[in-house]
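Working notes, structure below.
The values are calculated or read from the model by the stated rules, or taken from the named source; none is laboratory data. Please read all numbers here as calculations on a predicted model, not as lab measurements. Reconstructed Cβ throughout: ideal geometry from the backbone, glycine too, with neighbour counts over all protein chains shown. We work out accessible area using only protein heavy atoms, side chains counted, and drop any ligands, DNA or RNA first. Shrake-Rupley method; radii C 1.70, N 1.55, O 1.52, S 1.80 Å.
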Amino acid sequence: MYQPTIWSHDFIQVLDDNSPINLKEKLKELEKKVKVLNVDFENGCFSALELLEHIDHIERLGLGYRFQNDIRRLLDVIALTYGRSVGLEKRDDSLHEASLKFRILRQYGYNVSEDFLRRFKDKNGGFIESLQTDVKGLLSLYEASYLAFMEESDLYEARLFAMEHLLKLKDQENEALGDINHPLEFPLYQSMLRLQARDYIDACHKRQDVNFLLRELATLDFNMIQFSNIKIGIYLNNNGFSLYICCSWWKNIGLAQKLCFVRDRLVECFFWTVGMVFEPEYHSCRVGLTKVGTLITVIDDIYDVYGSLDELDVFTDAVKRWDINATDHMPKYLQIGFGALFNTITEMGSYAPGENITPILVKVWGELLEAFLVEAKWNHRKCIPTLQDYLDNAWQSVSGVVILTHRYFLINQEIKNEIAEPLEKYHDLMKWSSMVFRLYNDLATLTDEIESGKSVNAISCYMHEVGVCEAVAHAYITTLIDEAWRKLIKVHLACFQELPNPFIDMAINLARISRYTYHQGDGHGAPDARAKERVVSVIIEPIGHKV
């Protein structure tokens, strides 16, 4: 039996909805002033390092989405200075500047290579000894290494070098070393954007080296986005959707009350959607994805903990055929589950511009339930597959494809696009994002799954196949996560260069939110105080206030 929800409907209903309307005007005023500042940077009033650090601050403060065009122009200045295929060969760059340049340019799809590392090595191929105490340089190198492709072994070596010496330095009595712990736990590129912004804004209120204007804009922007997520947002001219809307839908649909064996995780699902797409203009996308997430959670529990194999066969077949009449021959709990899925997805599919995309949504749901059924058969029969057989199914059963597919159509609906690109184009993007998601999930849930009688997990499969202990298997799966991230980064940047689209970033964001959710426990299945604190800081408690 899963633990009950830690959030009450009444709590969500009474969340503060008083946001001064004049904050909208202040936000616009501050944004204009930052744009003027960006022009100063673009016009060559600052050094390349100052320009890069300015962009870095904008991104870390969660303001990158507001200044995408400005950032592009600023990066073009750097790219023109060093050449379009940026070799990063400027000899007097510090390690900090060279690493920061590589990270930001690669993140934005510029053609950069790991060759910049060569000038920081000695004649024996090792890193120059003086770099071992360069805290700022080591941190920038460490962060840059997380944008490495699979074949970039020098960047992987650089990460090990940076980690080794940062760990040695972090225990020293030095205020300059205070920034080490957090990136070692959560590298910047793998961080959930809203949590990263919250942490950085909080830190900037204690620092003097971040532009006051940027800090104030970031604080106001964060609080206004948060407010729009809690209630129907003033920020969105009263046209926005929110946690309040999701809560009303969840209460009306009644799955948590009708199916007592399933997880009630509405707020956690909403938190996931904010992690995947936080920008204010995509408010209805968040509502749709929250519905999808709660349905996935409920149906996963039907397959995992309640249904018999015969019942699950019937249910899977009915969903694949999208046959509402098939419920006549189902037990009551499956009728309830199928009815909720059928009505929600049919309604969602009819909203897409241009054509009814329900058949596409039904297809990915059918494939998800087939993957659920394979795992249910393994568990019922106490069969442990090889790790490869498990992963071939598990990257699909983790539900990433369903989430991303719905997100694709919801986001295109928001920006009024006709359906232009076949989803097959994004197969690898969805696969490697889902693989990261799956492996983080497996690391966090192994103990609980063994206790509940489940036999199939990446760790247990590897232990059984190779004959190693849990610690060795855990370490091996961790290396697979790193490999999946590298593959995801490469395919993400390839898609980004070819077809800029808000959908593409969501694959990275799905991997990011899974990293946080399954860090030191199962923040979705068994949310603890840490998981609750994350939710509170992102969607409930404004910066500068206490709930």
>> Viscosity 1.567 mPa s, temperature 4 °C: what is the translational diffusion coefficient of region 261-367 from Stokes-Einstein with a Kirkwood Rh over Cα pairs, rounded to a whole number of µm²/s?
In response: 88 µm²/s
> Sorted by mean Cβ packing within 10 Å, highest first, what order do the peptides 152-160, 464-472 take?
Replying inline: 152-160, 464-472
> How would His406, His283 rank on accessible area, largest to smallest, probe 1.4 Å?
Replying inline: His283, His406
> What are the extents of the Cα atoms of region 206-337 along their three principal axes, listed from largest to smallest and rounded to whole Å?
Replying inline: 65, 30, 26
> So, by mean Cβ neighbours within 10 angstrom, what's the order for 121-132, 303-314, 210-221 with the highest one leading?
Replying inline: 210-221, 303-314, 121-132
> What spacing in nm lies between the two simple spin-label points modelled at Thr479 and Lys206, each 7 Å away from Cα in the Cβ direction?
Replying inline: 3.8 nm
> How much accessible area per residue does region 409-498 have, in Å², with a 1.4 Å probe?
Replying inline: 44 Å²
> Using the per-residue mean of other Cβ atoms lying within 10 Å as a proxy for protection, in what order, highest first, do the peptides 365-376, 332-343, 506-517 fall?
Replying inline: 506-517, 365-376, 332-343
> What translational diffusion coefficient, in µm²/s and rounded to a whole number, does the Stokes-Einstein relation yield for region 318-375 at 37 °C and a viscosity of 0.692 mPa s, taking the hydrodynamic radius as the Kirkwood radius over Cα pairs?
Replying inline: 272 µm²/s
>> Ignoring ligands, DNA and RNA, please state the percent of accessible area on region 100-215 from carbon and sulfur, probe 1.4 Å.
In response: 47 percent
> What length, rounded to one decimal in nm, is gained on full extension from Asp528 through to Glu311, with 0.36 nm per residue of separation minus their alpha-carbon distance?
Replying inline: 74.8 nm
>> If amide hydrogens are placed 1.01 Å from N in the peptide plane, which non-local residues have theirs closer than 5 Å to the one on Ser399?
In response: none
>> Less than 16 Å apart at the alpha-carbon level, and either on another chain or at least 8 residues along: which lysines does that give for Lys425?
In response: Lys487, Lys490
>> Viscosity 1.567 mPa s, temperature 4 °C: what is the translational diffusion coefficient of region 377-477 from Stokes-Einstein with a Kirkwood Rh over Cα pairs, rounded to a whole number of µm²/s?
In response: 85 µm²/s
> HN-Hα J couplings of region 503-511 from phi, Karplus 6.51/-1.76/1.60, θ = phi - 60°, integer Hz, Gly and Pro as x?
Replying inline: 4, 4, 5, 5, 5, 5, 5, 5, 5
>> If I take R0 = 35 Å and measure r between the Cβ atoms of Asp171 and Lys251 in this structure, what FRET efficiency does the formula 1/(1 + (r/R0)^6) give, to the nearest 0.05?
In response: 0.10
> Rounded to the nearest 500, what is the chain's calculated 222 nm mean residue ellipticity when only DSSP H runs of at least 4 contribute -39500 (n - 2.57) each, over all residues?
Replying inline: -20500 deg cm²/dmol
>> What are the extents of the Cα atoms of the chain along their three principal axes, in Å, largest first?
In response: 74, 62, 46
>> Just to confirm the number: angle between the C-alpha axis of helix 283-301 and the first principal axis of the chain, 0 to 90 degrees, nearest 10?
In response: 50 degrees
> Relative to the first principal axis of the alpha-carbon coordinates of the chain, what is the inclination of helix 243-253, with its axis defined by its Cα atoms, in degrees from 0 to 90 and to the nearest 10?
Replying inline: 10 degrees
>> Can you give me the angle between helix 95-107 and the longest principal axis of the chain, using Cα atoms only, in degrees from 0 to 90, rounded to the nearest 10?
In response: 40 degrees
>> Under the rule of at least 5 residues apart or a separate chain, name every residue whose amide H is placed under 5 Å from the amide H of Asp264.
In response: Thr5
>> Give me the one-decimal nm value for the distance between modelled label points at Asp40 and Ala471, 7 Å along each residue's Cα-to-Cβ direction.
In response: 5.5 nm
> Taking amide hydrogens as modeled 1.01 Å from N in the peptide plane, which residues meet the under 5 Å criterion relative to Lys121, leaving out close sequence neighbours?
Replying inline: Ile128
> How big is the Rg/Rh ratio for region 393-547, C-alpha atoms only, Rh by Kirkwood, two decimals?
Replying inline: 1.03
>> What whole-number distance in Å separates the alpha-carbon centres of region 269-287 and region 295-344?
In response: 27 Å
> Between region 445-492 and region 38-55, what is the C-alpha centre distance in whole Å?
Replying inline: 44 Å
